[in-house]
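Notes for the one structure printed next.
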Amino acid sequence: MREFKRTDRVADQLQQELAVLIQREIKDPRLGMVTVSSVKVSRDLGYADIFVTLLGENDAERVRENLGVLKRAAGFLRSQIARRIKLRHVPELRFHYDESVLRGHHLSALIDEAVASDKRHDEPADDAASDDDAPQRGDGAPQRGDGEPR
């Protein structure tokens, strides 16, 4: 059994080439800092779905504008890829905004908020509490973890 499918190898090569081409060859001033996060190629190599993220630009208007620039440049990028990669048929390029990074940041913030909330609830309300963390018997003698006196 093969370790990697051909579509995976083509997708990896497309991702590398597109990252360089978008950064160096597209001269549109409206295009921000674009990162090619992943590429998925159809089984017949007819289509390539390119997922991009934008550095520091998450508002919907900027995302639409950047995707529009990339979609208009798709023919140029496809022709450049045809020169760089030996394929019988270069896949049609379809660009999509990758929301997974933004979603990951949001989930991370929610987790941090929950942890901070738990810490606030776990803090002792009385500052004059004993410094000894060992459980105490009714007569004040410390106990072992199993409830027996030390």
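So for region 108-115 (the condition being within 30 Å of Arg9 (Cα to Cα) and either at pLDDT 90 or above or open to solvent by 80 Å² or more (accessible area, probe 1.4 Å) (or both)), does at least one residue qualify?
As a first pass, look at region 108-115 and keep what is within 30 Å of Arg9 (Cα to Cα): none.
No: region 108-115 contains no residue that is within 30 Å of Arg9 (Cα to Cα) and either at pLDDT 90 or above or open to solvent by 80 Å² or more (accessible area, probe 1.4 Å) (or both).
What pairs come out if I take residues in region 62-86 that are in contact (Cβ under 8 Å) with a residue 40 or more places away in the chain and pair them with residues that are β-branched (Val, Ile, Thr) whose C-beta lies under 6 Å away, six or more apart or interchain?
That search, which allows pairs on different chains as well, returns Ala73/Ile26; Ile81/Val90.
With Lys5, Lys40, Lys27 as the choices, which residue is open to solvent by 90 Å² or more (accessible area, probe 1.4 Å), more than 17 Å from the chain's Cα centre (by Cα) and under 23 Å from Arg88 (Cα atoms)?
It is Lys5.
Any residue in region 15-35 that is without any contact (Cβ under 8 Å) to a residue 60 or more places away in the chain sitting within a Cβ distance under 8 Å of a residue that is of a type outside the set (S, T, N, Q) and open to solvent by 70 Å² or more (accessible area, probe 1.4 Å)? List the pairs, counting only those 6 or more apart or interchain.
Glu25/Phe76; Ile26/Phe76; Gly32/Leu55; Gly32/Gly56; Met33/Leu55; Met33/Gly56; Val34/Leu55; Thr35/Leu55
The values are calculated or read from the model by the stated rules, or taken from the named source; none is laboratory data. These figures come from a predicted structure and were not determined experimentally. Heads up, the Cβs are rebuilt from the backbone with ideal geometry, glycines too, and the neighbour counts pull from every protein chain shown. Ligands, DNA and RNA are stripped out before the accessible areas are found, and what is left, the full protein with its side chains, is counted by its heavy atoms. Shrake-Rupley method; radii C 1.70, N 1.55, O 1.52, S 1.80 Å.
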